[in-house]
1. Among 39, 56, 28, whose mean-square fluctuation peaks in a Gaussian network model of the chain (Cα, cutoff 10 Å)?
2. What distance in nm separates the two pseudo spin-label positions at residue 69 and residue 56, each 7 Å out from Cα along the beta-carbon direction?
3. So how strong a dipole does region 2-82 carry about its Cα centre when Lys and Arg Cβ are +1 and Asp and Glu Cβ are -1, to the nearest 20 debye?
4. Would you calculate the separation in nanometres between label points at residue 29 and residue 1, each defined as 7 Å from the Cα along the Cα-to-beta-carbon direction?
5. Round to the nearest 10 and give me the degree value, 0 to 90, for the angle of helix 29-38's Cα axis relative to the longest principal axis of the chain.
6. Suppose the chain between residue 37 and residue 19 were pulled fully straight at 0.36 nm per residue; how much longer would it get relative to their current alpha carbon spacing?
7. So what's the chain giving for Rg/Rh, alpha carbon basis, Kirkwood Rh from the mean inverse pair distance?
8. Does anyone have the angle between helix 10-19 and the longest principal axis of the chain? Alpha-carbon axes, 0 to 90°, nearest 10?
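Derivation of every value follows stated rules applied to the coordinates shown; laboratory data play no part. Being a predicted model, the structure only gives us computed values, none of them experimental. Neighbour counts are summed over all protein chains in view; Cβ atoms, including those assigned to glycine, are modelled from backbone coordinates with ideal geometry.
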Amino acid sequence: NRRLMEDVWDPLGITENVAGGMEFVEFSQELKDALKQASIDVVIPNWVDRNGGPGSEAVTMFNDLVGPIVGVTIDANGKAIAN
């Protein structure tokens with residue numbers, strides 16, 4: 001559940017890691033945008049290839065369940081498209 005992760009796990013993990021000596025540094029919007037673009041250009045298309053291609057059940061599940069959350073869909077050619 002995404003809400004559990006964002007509201008409970010993330011803050012708890014940050015608190016515990018900082019207490020253990022790590023430094024928390026917030027990602028800049030520029031870095032977030034670059035990571036999303038790398039996912040669209042490279043990571044997702046490679047994942048599609050490894051999981052049976054554009055017509056696979058994995059891609060259907062991604063488009064139905066993950067895509068609406070992350071704002072990305074996979075087209076019929078296996079290309080990731082930002083919504």
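1. Of the options given, 28 has the highest mean-square fluctuation.
2. Placing both labels 7 Å beyond Cα along the Cβ direction yields 1.9 nm.
3. 240 debye
4. Distance between label points: 3.1 nm.
5. Helix 29-38 sits roughly 30 degrees off the main axis of the chain.
6. 3.2 nm is the gain from fully extending residue 37 to residue 19.
7. Ratio value, two decimals: 1.09.
8. In the chain, helix 10-19 runs at an angle near 40 degrees to the longest axis.
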